[in-house]
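The values are calculated or read from the model by the stated rules, or taken from the named source; none is laboratory data. Just so you know, these numbers come straight off a predicted model, no measurement behind them. Cβ placement follows ideal geometry from the backbone for every residue including glycine, while neighbour counts extend to all protein chains displayed. For the accessible areas, the whole protein counts, side chains as well, though only heavy atoms, and no ligand, DNA or RNA atoms are used. Shrake-Rupley method; radii C 1.70, N 1.55, O 1.52, S 1.80 Å.
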Amino acid sequence: MKKVKRFLFPVSVSFIVGIILTASFFYWQHLNNQQSDIYETIAEFDQLKIAKEQAKQLVTAAFLSSSTLDVNDLKNLSPKIYHVNFGILMYHHINYKAKILSVRPEILDAQIKYLLEQGYKFVKLSDAFKTFSLTSSTPYDKTLVLTFDDGYRDFYLNAYPILKKYNVPAGLYVINQDIGRPGNVSWEMLQILHQEGLVEIGVHTVNHLPLGRLKPEVAYYQMAKSKELLERGLHDRIDTIVYPFGNFNENVKKQAKQIGFIGAASVYFGDRPNGQDLYAWRRVMITNSDVGVLLLRKLFVAFKLAK
Ligand SMILES: [Zn+2]
């Protein structure tokens, strides 16, 4: 009997230690997976020679709503607390890839449906610039703008049908060098979007370079040429630009105005939308985690709380 006891003690101790080690390993792996999602994106930005700090800010903004809240807190949150006068949402891909720049079609559908149910309206970015320019106070209440960057083909295939279903306007910001390439919208698609009128086409420059880091004449060319090519292809005025990577400086803002854009948008590190300065408005990146009241909370933090 004593022998059995002497045997049982080390066995149970190593069993418990084993369980603890296995659990910690899986937790560590779980944390690592979360991290690698972020680092992969930062690496992508690095390749494009974007300042690391800006990439980090962009990614942090994306995680803003989901990282600090426990799902159990959801039931304690009321959408009324997160009343937003005006905000701009930024999307890239609408597809099923597990990437930070991808939102699943059914999530986009649910996000728009939820916002409409909460009484939010949607306007085009150009209309927002025009309306803001007429007043010094916030001209909107519960009004949002949807923007889609880079001109991916999945916008046309997956997002556009959802926008039509809810009759909600949006903006598509295209890179000229990519039009017609595999995975990107074609001229024919752009013409259809433009003619049907629900989606406004805007400039995202010729080559998708960080404008604030370019020589002034190159930055000017990137914006002016892109506007000219789009206007020629769509036989209409192109009024808006969103800066690649949200990157800009004072000179870029001045040039955007000079070229004839009525306003410009950046990303999280841009200014809170205001009528005094229309050339670097903030947008916030939307992800698959931004559902229901979490989405409103993110918009509230980005457009009402953050300076
Ligand atoms: Zn872009």
Worksheet item: If Arg237 satisfies every condition in (1) within 16 Å of the ligand (Cβ to nearest atom); (2) over 26 Å from Leu116 (Cβ atoms) but one, which is the exception?
Response: (1)
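Let's see how each residue does on (1) away from the ligand (no atom under 15 Å from the Cβ); (2) touching a strand residue (DSSP E or B) at 6+ places or on another chain (Cβ under 7 Å); (3) open to solvent by less than 20 Å² (accessible area, probe 1.4 Å); (4) of a type in the set (Gly, Ala, Ser):
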| residue | (1), (2), (3), (4) |
| --- | --- |
| Glu217 | yes, no, no, no |
| Gln222 | no, no, yes, no |
| Arg232 | yes, no, no, no |
| Phe248 | no, no, no, no |
| Gln255 | yes, no, yes, no |
| Ala264 | no, yes, yes, yes |
| Gly270 | no, yes, yes, yes |
| Leu278 | yes, yes, no, no |
| Arg282 | yes, yes, yes, no |
Worksheet item: Which of the residues belonging to segment 131-147 are in contact with a Lys or Arg (Cβ under 8 Å, 6 or more places away or on another chain) and within 16 Å of the ligand (Cβ to nearest atom)?
Response: Thr147
Worksheet item: Within segment 130-159, how many residues are more than 14 Å from the chain's Cα centre (by Cα) and acidic (Asp, Glu)?
Response: 2
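The rows are residues; the columns are (1) of a type outside the set (Lys, Arg); (2) away from the ligand (no atom under 16 Å from the Cβ); (3) modelled with pLDDT of 95 or more.
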site: Arg104; (1), (2), (3): no, yes, yes
site: Asp109; (1), (2), (3): yes, yes, yes
site: Ile112; (1), (2), (3): yes, yes, yes
site: Glu117; (1), (2), (3): yes, yes, yes
site: Asp149; (1), (2), (3): yes, no, yes
site: Asn158; (1), (2), (3): yes, yes, yes
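Among residues belonging to segment 89-98 that are farther than 14 Å from Arg283 by Cβ and in contact (Cβ under 8 Å) with a residue 40 or more places away in the chain, point out the one that is surrounded by the fewest Cβ atoms within 10 Å (Cβ to Cβ).
Restricting attention to segment 89-98, the residues satisfying the condition of being farther than 14 Å from Arg283 by Cβ are 93-98.
From what is left, the residues that are in contact (Cβ under 8 Å) with a residue 40 or more places away in the chain are 93-95.
Details: His93: 22, Ile94: 22, Asn95: 19.
Only one residue tops the list, namely Asn95.
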Worksheet item: Within the set of pairs 6 or more residues apart or between chains, which connect a residue that is more than 14 Å from Leu190 (Cα to Cα) inside segment 226-255 to a residue that is within 16 Å of the ligand (Cβ to nearest atom) and open to solvent by 30 Å² or more (accessible area, probe 1.4 Å) with Cβ atoms less than 6 Å apart?
Response: Pro244/His208
Item to complete: Check every one of the helices (runs of 4 or more DSSP H) wholly within segment 151-248 and list those with 1 or more residues that are at positive phi and of a type in the set (Asp, Glu).
Response: none
Item to complete: Would you check if Ala128 is small (Gly, Ala, Ser), touching a residue at least 12 places away in the same chain (Cβ under 8 Å) and either more than 16 Å from the ligand (Cβ to nearest atom) or touching an Asp or Glu at 6+ places or on another chain (Cβ under 6 Å) (or both)?
Response: yes
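Look through Gly180, Gly202, Gly212 and report the one residue that is at pLDDT 95 or above and away from the ligand (no atom under 16 Å from the Cβ).
Numbers: Gly202 fails: away from the ligand (no atom under 16 Å from the Cβ); Gly212 fails: away from the ligand (no atom under 16 Å from the Cβ).
The match here is Gly180.
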Fill in: Single unsatisfied condition, Phe148 versus (1) crowded, with 20+ Cβ neighbours inside 10 Å; (2) part of a helix (DSSP H, G or I)
(2)
